[in-house]
Ligand code: GLN
């Protein structure tokens, strides 16, 4: 049924970079055989899970939606992929993204812009726009995305689905093409909170192949959702996130959702995250610095695009020509910015300063969580915008990440949950939780559903 759906709508939605139907069918048939032999691997066995095209699946293309990796085939499985395979999930195509996950609209993909299934003239959000659109259009049941500054939550919000960015260190980054290693996390995207919880349970856990992976006990998330179903939480509204509420049309469904929690008997409290104003600047220094370093590996020598013409007597020229041809505009912009903030002379003024502000942002959350169980905020300042609307204005694109990026800087979990509509377009409520308290965050979300 899902294959038929892909065939019916993919031409309009454009969620996939590639899709191997016979491979998908073979996986599904193997799952059916297990089921009839009474040897099913569990709840994910046979479920089509779409994979963002920046995660390594052995033998499959891994393009990061970049010309640089257009012909690259991964020789190994990411840890989260290995875990899904061992649970029988049907790994489903390669989903479009902004090149190297840099962007908020999929317009930075070197191949195509994915359309928002709610309005094909609009962007699906990004960078995990292919993942969100595929789920919203019924082309996948579940999907994996990655979130460095909102790339799971913002497209989930724009496509009317659930997206979870787990606590930093709870899902292995092994096999995720690195963008900004201290911010990147792999996470689940789904149509319901319970589906997302199930997928998160399947992929999380310590992994010795990722040195930033954390040893922790993940409780049974579905059981926690059940046992917490009647709990009355204390929920915080960061006043800095609501400063413009009267003038923001997309706020209405958010305010209604907050009223719903009030009606359940939850205590709603105003809190302050005083360093919010600095989050965008801090993020775009830290993220670009790490990106400039991580992307140095794409050199035209080993496994990437290599320019046909270069000066054979000058070994540096092969890097320069190959990188000039292989990287898109936004990726180059970030490499240049990141190289600048790391350069001697500017390091203290930008990178070191940003690291200090990052600590202040983290402390803002620590203080807020002394008073409340979780925070409720909008996911994005507006619903999905029109294609082309912000493409030529990177700054306005960066500013639209204002509500999501602090969670990555602080390492805390966050999720987006559909909470209503503005002018017929879906709006997401963001829930930010305490570190490693995904069980509480998901329980709060499930009460709304
Ligand atoms: N929009 C943000 C950026 O462009 C976040 C991207 C992400 O989370 N991968 O960096």
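Read the figures in this text as sums done on the coordinates, not as results from a lab. On a predicted model such as this, the values are computed, not experimentally measured, just so you know. All Cβ positions, even for glycine, are placed from backbone atoms using ideal geometry, and neighbour counts span all protein chains on display.
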What is the extension gain from residue 370 to residue 36, computed as 0.36 nm multiplied by their sequence separation minus the C-alpha to C-alpha distance, in nm to one decimal?
115.1 nm
Distance in nm between label sites at residue 206 and residue 23, each 7 Å beyond Cα in the beta-carbon direction?
3.3
At a Förster distance of 60 Å, what's the computed FRET efficiency of residue 393 paired with residue 85, Cβ-Cβ distance as r, to 0.05?
0.90
Of the stretch 429-449, those with amide N under 20 Å from the point 7 Å along the Cα→Cβ vector of residue 234 are 431-445
When the Cα atoms of the stretch 396-449 are enclosed in a convex hull and the volume is divided per residue, what value in Å³ results?
66
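If the viscosity is 0.692 mPa s and the temperature 37 °C, what Stokes-Einstein diffusion coefficient in µm²/s follows for the stretch 179-288 when Rh is the Kirkwood radius over Cα pairs?
Numbers: Rh = 17.6 Å.
Roughly 186 µm²/s, to the nearest whole number.
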Taking the highest mean first, how do the peptides 54-63, 399-408 order by number of other beta carbon atoms within 10 angstrom per residue?
399-408, 54-63
Taking the chain as a Gaussian network, Cα atoms linked when under 10 Å apart, which of 217, 70, 290 shows the biggest mean-square fluctuation?
217
Of 291-298, 438-445, ordering from highest average Cβ density within 10 Å down gives 438-445, 291-298
Once the piece of chain linking residue 311 and residue 272 is laid out straight, how much longer is it, given 0.36 nm per residue of separation minus the C-alpha distance between them?
8.4 nm
Suppose we look only past 18 Å in the calculated P(r) of the stretch 355-419. What percent of the Cα-Cα pairs does that tail hold?
48
With only helices counted (DSSP H, runs n ≥ 4, each -39500 (n - 2.57)), the per-residue ellipticity at 222 nm for the chain, to the nearest 500, works out to -11000 deg cm²/dmol
Ordering 104-114, 268-278 by per-residue average of other C-beta atoms within 10 angstrom, highest first, gives 104-114, 268-278
Running a GNM on the chain with Cα contacts under 10 Å, which residue among 281, 143, 78 ends up with the highest mean-square fluctuation?
281
When you have a sec, figure out the Kirkwood radius of the stretch 307-397 from all distinct Cα pair distances and drop it here in Å to one decimal?
17.8
Contour minus Cα-Cα span, residue 243 to residue 296, at 0.36 nm per residue, comes to 15.1 nm
Most mobile listed residue (432, 142, 352) in the chain, GNM with C-alpha springs under 10 Å
352
Whole-Å distance, taken between Cα centres, linking the stretch 317-394 and the stretch 169-230
23
Solution diffusion estimate, µm²/s, Stokes-Einstein, the chain, Kirkwood Rh from C-alpha pairs, 37 °C, viscosity 0.692 mPa s:
150
Short to long, in 5 Å steps from zero, the percent of alpha-carbon pairs of the stretch 91-146 per bin is 5, 26, 32, 24, 12, 1
Quick one: divide the alpha-carbon radius of gyration of the stretch 16-55 by 2.2 N^0.38 Å and tell me what you get.
1.33
